[in-house]
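The structure under discussion appears below in the form of structure tokens.
The values are calculated or read from the model by the stated rules, or taken from the named source; none is laboratory data. Computed from a prediction, not measured in an experiment: that's the story for all the values here. For neighbour counting, all protein chains shown are included, and Cβ atoms are generated from backbone atoms with ideal geometry for every residue, glycine included.
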Amino acid sequence: MTPLKACLIAIMFAAALPFHVRAAEGEVVTLRVRGDAEQRVLILRPEKPAVATVLLYAGGNGNLVIGADGSIRNSGNFLVRSREHFVRQGFLVAVVDRPSDWAGADAETFRMTVAHAEDAAAIAGILRERTPAPVWFVGTSRGSISVANIASRLGRDRIAGIVLTSSVVRPGRRSPQSVLDADLSGIAVPVLILGHGEDGCRVTRWSEQEALKGRFGNAPSVEAIRIDGGDAGDTSALCGPFAHHGFLGQEEAVVARIAEWIKAHGPRR
């Protein structure tokens, strides 16, 4: 047994006995990871059997502060504030908070670690207990780094596909990493790249996001979709969630495009 496999088994065993809390908005699961560290996930169920499961990885520092009651202190991120749109599209939705030990000097490098992928595997295991629906990972902004890393490490036996929105394609002042630091050639599942044509954030320019298509040499299908229009929002924070970078004013329509693509490219059950 390899060290990684042994570690994954240990994490899955720990996650088999998480704290479950029925909250007003959904179900809050608290996983034990790496000793005393914890990670919270808010799970939202559709009214009918789920067509797919989506794990949503926010950008920024990833610190959503999900409460035991299902509240989210930092809920402005595009994916987080759009969670109900995903539910209405028939998805089982998991909003993923950052683990409690993701802080300090390593806060901005954690997204590319093996441990991050192991945490994702544990969460996916919890969700498979709730539905046999295929599991997709969706990331936005710096969350795209997380999803690229996770997909490159876990393989197609545990991931149905990935969606990268407003992908970070070059290092920034706050983050030394980008999607290109992941082993993109090792990703063998469908990939959707979606960005705004007028995204003014210098690390997520649409032309460079679109060019990512050529990096996924082993993906069975790759598509880059450009979004236009919407609200320019806060032009003083071009990399923030309330600008074209976060698809301001287009949340429902953008989620609908993502949902359509997932349903068209997901495995048949």
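Of the residues that make up the stretch 198-219, is at least one touching a residue at least 60 places away in the same chain (Cβ under 8 Å), assigned to a strand (DSSP E or B) and within 21 Å of L238 (Cα to Cα)? No: the stretch 198-219 contains no residue that is touching a residue at least 60 places away in the same chain (Cβ under 8 Å), assigned to a strand (DSSP E or B) and within 21 Å of L238 (Cα to Cα). Which one is nearest to D183 (Cα to Cα) among residues in the stretch 96-119 that are touching a strand residue (DSSP E or B) at 6+ places or on another chain (Cβ under 7 Å) and not in a loop (DSSP other than H, G, I, E, B)? So the residue we want is D119.
Pairs are defined by a Cβ separation below 8 Å, a sequence spacing of at least 6 or placement on different chains, a first member in the stretch 53-65 that is farther than 15 Å from S166 by Cβ, and a second member that is of a type in the set (S, T, Y); the pairs so defined are T53/T131; L64/S75.
Could you say whether any residue in the stretch 104-118 is in contact (Cβ under 8 Å) with a residue 24 or more places away in the chain and within 17 Å of G26 (Cα to Cα)? Scanning the stretch 104-118 turns up no residue that is in contact (Cβ under 8 Å) with a residue 24 or more places away in the chain and within 17 Å of G26 (Cα to Cα).
In summary, N149 fulfils each of the numbered conditions (1) polar (S, T, N, Q); (2) in contact with a strand residue (DSSP E or B) (Cβ under 8 Å, 6 or more places away or on another chain); (3) at negative phi; (4) modelled with pLDDT of 95 or more with the single exception of condition (2). Checked against the criterion of being outside any helix (DSSP H, G or I) and either touching a residue at least 24 places away in the same chain (Cβ under 8 Å) or over 22 Å from I43 (Cβ atoms) (or both), the candidates V147, V87, V93 yield just one match: V93. Restricted to the stretch 126-141, and to residues there that are of a type outside the set (A, V, I, L, M), buried (at least 17 other Cβ atoms within 10 Å of the Cβ) and outside any strand (DSSP E or B), the residue that is nearest to the chain's Cα centre (by Cα) is S141.
Hey, can you tell me all the residues within the stretch 83-99 that are of a type outside the set (D, E) and either buried (at least 22 other Cβ atoms within 10 Å of the Cβ) or at pLDDT below 95 (or both)?
First pass over the stretch 83-99, keeping only residues of a type outside the set (D, E): 83, 85-96, 98-99.
Answer for the stretch 83-99, where residues must be of a type outside the set (D, E) and either buried (at least 22 other Cβ atoms within 10 Å of the Cβ) or at pLDDT below 95 (or both): R83, F86, F91, L92, V93, A94, V95, V96, R98, P99.
On inspection, L192 passes the criterion of being in contact (Cβ under 8 Å) with a residue 40 or more places away in the chain and within 17 Å of W136 (Cα to Cα).
Mind checking which residues of the stretch 163-177 are farther than 16 Å from V114 by Cα and surrounded by 16 or more Cβ atoms within 10 Å (Cβ to Cβ)? Even if it seems obvious, please write down each step before you answer.
First, pick out the residues of the stretch 163-177 that are farther than 16 Å from V114 by Cα: 163-176.
Of everything in the stretch 163-177, those that are farther than 16 Å from V114 by Cα and surrounded by 16 or more Cβ atoms within 10 Å (Cβ to Cβ) turn out to be V163, L164, T165, S166, S167, V168, V169, G172, S175.
Taken over the stretch 43-75, the criterion of being in contact with a helix residue (DSSP H, G or I) (Cβ under 9 Å, 6 or more places away or on another chain) and closer than 23 Å to A148 by Cβ is satisfied by A52, T53, V54, L55, L56, Y57, A58, G59, G60, G62, L64, N74. Restricted to the stretch 150-162, and to residues there that are surrounded by fewer than 24 Cβ atoms within 10 Å (Cβ to Cβ) and either in contact (Cβ under 8 Å) with a residue 40 or more places away in the chain or not acidic (D, E) (or both), the residue that is farthest from A115 (Cα to Cα) is A160. Please work out which residue is nearest to E252 (Cα to Cα), limiting yourself to the stretch 184-214 and to residues that are touching a Leu at 6+ places or on another chain (Cβ under 9 Å) and surrounded by fewer than 19 Cβ atoms within 10 Å (Cβ to Cβ). Filtering first and then ranking leaves G200.
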